[in-house]
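The values are calculated or read from the model by the stated rules, or taken from the named source; none is laboratory data. Just so we're clear, the structure is a prediction, and the values are computed from it rather than from any experiment. Glycine also receives a Cβ, built like all others from the backbone with ideal geometry; neighbour counts cover every protein chain displayed. Please note that ligands, DNA and RNA were not included when accessible areas were found on the heavy atoms of the full protein model with its side chains. Shrake-Rupley method; radii C 1.70, N 1.55, O 1.52, S 1.80 Å.
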Amino acid sequence: MIRLFATLAPICLLICAWPTSSIAAGLTLEEQLRQLGANYVKLKEFVETKDAQLESKVIELQTQVQKQNEIRTVLETKISLLETQMEQKDREYIILAEKIAQLERTRSGRSSGIPRTCLEAHLMDPSLSSGKYWIDPDGQGVGDAPIYVYCDMTSGTTSILHDSEGPRDVGHCAEPGCYSRAVNYNASSRQMAALVELSAECHQSIQYDCNFAPFEFDDVSYAWWNNKDGNSEYFWAGSDASVHTCQCGIDGNCVDASLKCNCDSAAPIPLTDTGVITSKDILPISRLNFGRTQLQSVGHSLSGLYSVIGNAMVESVYCDFTKLPNDAGFQKWIGFVDVKSSPTYFYVQLGTDYDQTGTPIPFNVQRLNIGGAMNLQSGKFTAPRTGIYSFIFSGLVTFSSTDHQYLRCEFFKNGNHLHFCFADDAGETILGPSEHESFILQSTLSLQLGDQIWVEIDDRSQGVFLRANYTYFSGLLLEEDISISLNGI
C-alpha cells in the first residue's frame, strides 16, 4: 500500500503601515493645501530654470556646430587649394625628373649638362626614343633658359613647337595682307638662332588651302610671310627668294602650267599649295599674311548683295558669281552699312538745381542709357568703341538779380577744353524775382576707345544756376570704326 503524505508550510504575512506625511500629520487641511501650493511653485520655478538652462545649452551647441561647419568649410577650401598646389608640384616634379634623367644619361657622355641638340642627346644615349626633351642650344649656364622640343631620334632632327601648327581660318577680306598672324614659338630668338648655327640644314613647311584666293593676281602680291628679321618673303618653297613659287612650281605639276602656284589660278575649285622653305639663314617664319580671301573662296555662289569689311567700316557690294574674279563687273561697290558692334546712346536729366563750377555735372534722372557708357554719378561718358559720336547739352539758366549776370558751360574731352556756350542777362528787363534763358551746346567728335566726355559750368555769376527738370545731356554713336573693333575680338 502506498501512502500519500502532504506537508503544509506555514505562511507568515507581515503588514507594515506608516503615516503618509510625517509633517502633514500635525497640519490642518488648509495648511496642507498651502504647503502643496508652495511646493508646486518651487517645482515650477525649478523646471523653468532647468528649461532656460537647456535652451541656453542648445543655443550654445548650435553656435558650436555653426563654428565647426565654418571651420570645416575653411578646411575644405584649404584642402582644395593644397590639392591644386600638389597637382602643380606633381607637374613640376615630372618636368624636374625629366631634367634629372637627362642629366644622369649624359654623365658618361661628352657633356656634363643638358644636350644642345636632339642629335647630341641621341649620340649620348642611343636607347632614347623619339619624344619631347629639354635641350639648351646656346649652352648650359649661359644665355637663355633651355627649351622643350620634339626629338626624332631616328633622324636626329629637332622640331621647335609653335602656335600655328594646326589649320587656321583666315576669314575673307579684299586688301593685300588684310589677314595677318604672328607665329609664336616655344623658344627664344637667341635659342633658335643657336640651333640653326648648330644644324647642317633647317627647313619649315607651309600648306595653304584656297578657293579663288591667290598669292598673286595681276602682278599684285596678296600674300607673303615674314622672315626672322621681319622682312617680307614671297616664295613658298625652296630657297630662292627671287622666285615666287610653290612646290608644284618646282615639281612642274601646278593645275595651270603657266603659273608657279595652284592658288594663283582662277579655277573655281578648292585647291592646295604646299612647300618647304629650306633657306636656313632667314628662318624661322615670324608672321603669315594673306589677302583677297573673298566671299567666293569661302563657299558663296549665289549672286547678290553682301556685306564685307572695308578699311574702317562695313561695306555693301554686289557680287556676280557668274563671272570670274578678274572679269569686269564681278564686284560692284554699293555703299556703307550701318553696323555697330555695341549700340550706344543715352539721354539724362538734372533732377535738382545745379550751380557748382569746375567739376563734371552729375545727373540724377536717366531716361535712356543703352550700352551703359554714361555714368550719371560722375557725369562722364566713356566711349565703348572707336568711332564718331554726337553730343547735345541743353538747358535753362535762371538769373536772380537785376544786375548783369552770366553762365558759361563747356564740353571737356579727357580733361581738355573743347567747346562752350554762354548765357547772360543784361538785367534791365527783369520784372520779377528771376528770369530764365535757354541754351544749347552741340558737338560731333571722333573718339578713341576709352575717351571720356563731360560738361562743366566753367564760370557763372553769383546766384545763377541750371534749372532742374529743364537741363538735359544726350549722346549717341553715329559711326563705328568696325575694323578696330574686330581686331579686338
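In region 376-460, the C-alpha radius of gyration followed by the widest Cα-Cα span (Dmax) gives 15.7, 50 angstrom. Estimated at the nearest 10 Å², the accessible area of residue 276 is 60 Å² with a 1.4 Å probe. Cα-based values for region 172-281, radius of gyration first and Dmax second, are 15.0, 45 Å. Per residue, region 160-286 exposes 52 Å² of accessible surface when a 1.4 Å probe is rolled over the protein heavy atoms with every protein chain present. Applying the criteria of a DSSP loop state and at most 13 other Cβ atoms within 10 Å to the GluC sites (Glu not before Pro) of region 173-226 yields 201. Among 69-78, 124-133, the peptide with the highest mean count of other Cβ atoms within 10 Å heads the list, and the full ranking is 124-133, 69-78.
Ranked by the mean number of other Cβ atoms within 10 Å of their residues, highest first, the peptides 222-232, 451-461 fall in the order 451-461, 222-232. Averaging Cα coordinates gives a centre for region 386-414 and one for region 113-150; these two points are 71 Å apart. For region 186-197, the Karplus equation 6.51 cos²θ - 1.76 cosθ + 1.60, evaluated at θ = phi - 60°, returns couplings of 8, 6, 7, 4, 5, 5, 5, 5, 5, 5, 4, 4 Hz by residue, with Gly and Pro reported as x.
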